């Protein structure tokens, strides 16, 4: 039994879920999302909840059962509350800048990394420039689509992952970077 797949998805007020064929559409205050599920599972709207069932107990059908339920739940949460990832950029001279749909990250390379912000994702810059090792540049990636928000945040982090000696780079706000001790200089002589 798929424990996650058996749980019905509660639909809060202000969110409209409609199923036509294999396409599930979820509409709320923050946007509109759609998802086409596999034919091995069935999705029905019953009152103020969405129920996902599967044809039989084959291994792949059990996996798709829980996956489909989780994806629909993420869409319902996304259009009602939204998702966000907070990131920080540590390093002297490092910073971020948003110009239209182009997001620029200066992270110590010979050229700035320019990323195009995908549709449905909002980037909010709180602090554009890092000052020293203790005051980082801060920005937030927001949107109703959990997958798009997470993917763009990971793409930003991949520009320069935090290094273990000084901790410079792009990291999530709640991420802990394990620091290594650098080389100790031995006294002269020889």
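Each value in this text was obtained by applying a stated rule to the coordinates, not by laboratory testing. Predicted model only: the values in this text are computed from it and were never measured. Neighbour counts are summed over all protein chains in view; Cβ atoms, including those assigned to glycine, are modelled from backbone coordinates with ideal geometry.
Counting only strands (runs of 3 or more DSSP E) that sit wholly inside segment 18-101, those with at least 1 residues that are more than 16 Å from residue 142 (Cα to Cα) and in contact with a helix residue (DSSP H, G or I) (Cβ under 8 Å, 6 or more places away or on another chain) are 23-28, 31-36, 41-46, 49-54. Selection over segment 1-17 of residues that are in a loop (DSSP other than H, G, I, E, B), in contact (Cβ under 8 Å) with a residue 60 or more places away in the chain and within 21 Å of residue 81 (Cα to Cα) gives a count of 5.
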